[in-house]
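The values are calculated or read from the model by the stated rules, or taken from the named source; none is laboratory data. On a predicted model such as this, the values are computed, not experimentally measured, just so you know. All Cβ positions, glycine included, derive from the backbone under ideal geometry; neighbour counts span all protein chains shown.
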Amino acid sequence: MVRRRTAVSIAAAGLLLASPALTACGSGPAHAGAAAVVGDHRITVSTLQAEVTELRTEVSASPQGAQLLDSAGDLSTQMLGRLVEDQVLDRALAKAHLTVTDGEVQRDRQAALAQFGGNEAQLDSTLLVNYGVAKSDIDHFFYRDVASGKLIQSLGYQPGSDGGNTALTQEVVKTADSIGVSVNPRYGTWDAKKASIGAQSDPWVVDRTPVDASLTTDSAATADGGA
């Protein structure tokens, strides 16, 4: 697969009372050195910190960097939410007997690139500014887009539809419940009903609309703004 395995040795979705099984537990043995535990996989604090540092560095170099960082809130919590969702998404794919190939990821990326007339720098900038995607994680972004679309179709919906997004969220919640998720209290509390960490609002969370549709909107807005 093309995807970059940053989360464990899976995007939040995300997406208030958590069930006892999924509520963030104390900082005991399960969380020694771990930011979260998803099933039998540990997302280490060092992995999370590396991801946050990389994103912060790229955002800081952007012309809108200061404004983005001010509005982003707790980057560590938001990034951890993505890494947890990645693991859950992988489990949901496996349960549905679905896979994502390198070719599918690249076709999805090329379709998005076409929305920008082949201007890769503009695409990269849009993904960074709108979705908080570092350049090294772009293929993973498109992996998540393809994976989410396949899961939505497997559930009997069209990608990008309200019903499809709702069904996918429900599937992610169900999968998370079946494997168990525990978050180090340092980063927040796991919300089992939303499959997310607390009530954090992530301005960069993708709403699981197919990326080409969302980027078309962004591109049109950019064009209007430049007119």
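Overview of values
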quantity: Residue match in the stretch 77-94 (condition: modelled with pLDDT of 50 or more, part of a helix (DSSP H, G or I), in contact with an Asp or Glu (Cβ under 6 Å, 6 or more places away or on another chain) and under 25 Å from residue 125 (Cβ atoms)); calculated: yes
quantity: Cβ-Cβ under 9 Å pairs, at least 6 apart or on other chains, the stretch 154-171 side under 17 Å from residue 95 (Cβ atoms), far side aromatic (Phe, Trp, Tyr); calculated: 167/157; 168/157
quantity: Selection within the stretch 83-108 - more than 19 Å from residue 170 (Cβ to Cβ) and under 15 Å from the mean Cα position of the chain (by Cα); calculated: 83
quantity: One residue from 7, 30, 36 being modelled with pLDDT under 90 and under 28 Å from residue 149 (Cα atoms); calculated: 7
quantity: Residue that is surrounded by the most Cβ atoms within 10 Å (Cβ to Cβ), among those in the stretch 77-131 that are among the basic types (Lys, Arg) and under 30 Å from residue 191 (Cβ atoms); calculated: 82
quantity: Hits in the stretch 158-196 - residues which are farther than 17 Å from residue 40 by Cα, hydrophobic (A, V, I, L, M, F, W, C) and over 16 Å from the mean Cα position of the chain (by Cα); calculated: 167, 192
quantity: Answer residue from the stretch 111-157, given it is aromatic (Phe, Trp, Tyr) and outside any helix (DSSP H, G or I) and is nearest to the chain's Cα centre (by Cα) among those; calculated: 157
quantity: Looking only at the stretch 170-196, and only at residues there that are within 22 Å of residue 49 (Cα to Cα) and either among the aliphatic types (A, V, I, L, M) or in a helix (DSSP H, G or I) (or both), the one that is modelled with the lowest pLDDT; calculated: 195
quantity: Residue tally, condition within 15 Å of residue 78 (Cβ to Cβ) and either in contact with a His (Cβ under 9 Å, 6 or more places away or on another chain) or surrounded by fewer than 18 Cβ atoms within 10 Å (Cβ to Cβ) (or both), over the stretch 132-161; calculated: 1
quantity: Residue satisfying all of: in the stretch 47-68; among the small types (Gly, Ala, Ser), farther than 20 Å from residue 33 by Cα and out of contact with any Leu (no Cβ under 8 Å at 6 or more places or on another chain); surrounded by the most Cβ atoms within 10 Å (Cβ to Cβ) among these; calculated: 65
quantity: Matching entry among 227, 167 (being farther than 23 Å from residue 55 by Cβ and at pLDDT 85 or above); calculated: 167
